[in-house]
Amino acid sequence: MSTILTSLEIKELRRDFPLLAQKVYGHPLVYLDNAATTQKPNQVLETLDTYYKQYNSNVHRGVHHLSQVATDAYEAARKTVADYIDAGEDKEVIFTKGTTDGINLVASCFGKAMLKPGDSVVITAMEHHSNIVPWQMICEEKGATLKVIPFNTYGELELDKLDSLLDDSVRILALTYVSNSLATINPVKKIIAAAHEKNIPVLLDGAQAVQHMNVSVRELDVDFMVFSGHKIYGPTGIGILYGKQQWLDKLPPYQGGGDMIKTVTLEKTVYNELPFKFEAGTPDIAGAIGLAAALKYVNAIGIERIQATEAALMDYAMEALQKIPNLRIVGQAKQRAGVISFLLGTAHPFDTGELLDKQGIAVRTGHHCCQPVMDIFGIPGTTRASFAFYNTEAEIDALVGGLERAAKILL
Ligand code: PMP
């Protein structure tokens with residue numbers, strides 16, 4: 001295990017995030033909503049600023065100097081992403097708007113090419129809505145069935161059901177690496193291997209994984225993986241779809257337009273090669289370059305050190321929260337990352353969240369876009385604290401103090 005960041009190192013790193021220094025309602029901000037979106041370091045903000053001030057220009061189309069500088073930076077960003085997730089080829093990395101956009105792309109294109117009546121798609125019961133709804137939509141369109149891997153009361157997938165669920169009708173398995181509501185880290189390498197034994201490709205939702213741990217798409221042998229830039233210290237509006245070339249080549253384009261074509265006549269279009277086939281129109285150039293700056297920032301700290309630091313902080317938080325009377329943790333899987341979901345007695349999570357907010361503590365409340373998870377637990381939602389490497393034990397203490405004060409009012 002890597003060494004954790006010292007409190008001095010965290011103090012210095014926090015200086016990179018100007019937003020964290022502010023006060024909310026007169027209290028120092030305690031930002032514990034990192035699973036929804038992380039804050040952005042100066043290194044990312046300055047990269048965006050430099051792009052717009054010095055070389056803003058459209059990519060791939062211009063012979064002029066600025067366009068070439070922008071194109072080089074955009075393609076270098078693709079390489080940075082490919083290296084970060086250990087993709088074999090840069091062209092297997094597609095820039096999207098985010099996780100949701102990437103899943104919609106695969107569901108739509110894979111569905112068009114591969115699904116027919118009687119087929120099925122498998123997901124899990126702990127998926128974010130973005131890994132449920134696009135599959136429901138395409139299954140409905142194609143007459144296919146959506147099947148679900150359940151989880152137990154700890155929030156761990158019931159893998160003894162996997163073999164029977166992955167029957168001959170299954171065309172694709174789509175699941176999350178880390179649950180954004182339960183914190184569960186799913187044993188995806190094992191699941192991918194089991195699916196591949198039956199020639200079933202796997203899409204991994206990496207939205208809550210890539211910022212917390214080292215993810216190698218080649219080591220996992222995963223067929224598709226998606227994530228969002230804004231959850232890994234990068235800008236909003238940019239995300240990644242990784243796909244094995246053999247799969248991406250088989251899929252039809254998602255959208256038509258500029259850049260995704262080789263030739264167009266009024267009768268027929270020849271599509272461009274990877275990755276451009278899936279990048280119709282002017283992409284989020286600044287976003288891609290900004291995301292690369294974020295990944296470089298993470299690399300400079302070291303993802304293993306981030307993982308170790310966050311794990312220690314999660315342990316500290318779990319221990320402290322469990323001491324609060326009437327606090328119930330929702331999701332108790334052995335392998336966890338990123339978030340702690342809980343309920344304070346009979347208080348509605350929204351009320352708990354609001355009282356924390358008044359003390360400068362930002363958490364998320366509600367179903368976290370996982371309504372089926374809440375239905376399974378029979379609860380309206382949870383209060384969720386989610387962590388980044390820049391969070392401190394003092395902030396956990398503030399959360400605990402805030403919850404104790406909230407309990408006095410609500411319970
Ligand atoms: N999947 C998971 C596991 C998530 O946590 C989220 C964001 N909460 C998403 C998908 C959707 O990400 P985005 O809104 O950035 O597309």
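The values are calculated or read from the model by the stated rules, or taken from the named source; none is laboratory data. Here the structure is a predicted model, which means the values were calculated and not measured. Virtual Cβ from ideal backbone geometry, glycine too; neighbours counted across all protein chains shown. Remember, those area values only see protein heavy atoms, side chains included, never the ligands or the DNA or RNA. Shrake-Rupley method; radii C 1.70, N 1.55, O 1.52, S 1.80 Å.
3J(HN,Hα) along region 363-380, derived from phi through the Karplus expression 6.51 cos²θ - 1.76 cosθ + 1.60 where θ = phi - 60°, amounts to 10, 10, 10, x, 8, 6, 6, 9, 4, x, 4, 5, 4, 5, 7, x, 10, x Hz, with x in place of Gly and Pro. Put simply, the amide H of TYR233, placed in the peptide plane, has neighbours under 5 Å in THR38, leaving out anything fewer than 5 places away on its chain.
How high is the relative contact order of region 1-103? Use alpha-carbon pairs under 8 Å, at least six apart in sequence, and give a whole percent. Intermediate results must be reported in sequence, preceding the final value.
Values: 57 pairs, mean separation 12.8, N = 103.
Computed value for region 1-103: 12 percent relative contact order.
Counting protein heavy atoms only, the chain has 52 percent of its accessible area on carbon and sulfur, 1.4 angstrom probe. Distance from the C-alpha centroid of region 166-201 to that of region 1-73: 33 Å, rounded to the whole angstrom. Sequence-ordered 3J(HN,Hα) estimates for region 54-68 from the Karplus curve with 6.51, -1.76 and 1.60 and θ = phi - 60° stand at 10, 9, 4, 5, 6, 9, 6, 10, x, 8, 6, 3, 4, 5, 6 Hz, glycine and proline given as x. A cut-off of 5 Å between modelled amide H atoms, ignoring neighbours fewer than 5 places along the same chain, links GLY258 with GLY281. The relative contact order of region 45-299, computed from alpha carbon pairs under 8 Å that lie at least 6 residues apart in sequence, is 24 percent.
Add -39500 (n - 2.57) for each DSSP H run of 4 or more in the chain, then divide by its residues: what number comes out at 222 nm, to the nearest 500 deg cm²/dmol?
-12000 deg cm²/dmol
Projecting the Cα atoms of THR3, PHE110, ASN34 onto the charge dipole of the chain (Cβ charges, centred on the Cα centre) puts ASN34 farthest toward the positive pole.
Karplus-derived 3J(HN,Hα) values for region 104-111, using 6.51 cos²θ - 1.76 cosθ + 1.60 with θ = phi - 60°, are 4, 4, 5, 4, 5, 6, 5, x Hz; glycine and proline are entered as x.
If you wrap a convex hull around the alpha carbons of region 45-299, what volume per residue comes out, as a whole number of Å³?
120 Å³
What is region 325-411's relative contact order, in percent, from Cα pairs under 8 angstrom and six or more apart in sequence? Don't jump to the answer; show the numbers that get you there.
On the way: 103 pairs, mean separation 28.1, N = 87.
Normalised by residue count, the contact order of region 325-411 is 32 percent.
The charge dipole of region 45-299, taken about its Cα centre with unit charges on the Cβ of Lys, Arg, Asp and Glu (plus for the first two, minus for the last two), comes to roughly 380 debye. For SER120, the amide hydrogen comes within under 5 Å of the amide hydrogens of THR145, VAL170, ARG171, counting only partners 5 or more places away or on other chains and with H modelled in the peptide plane.
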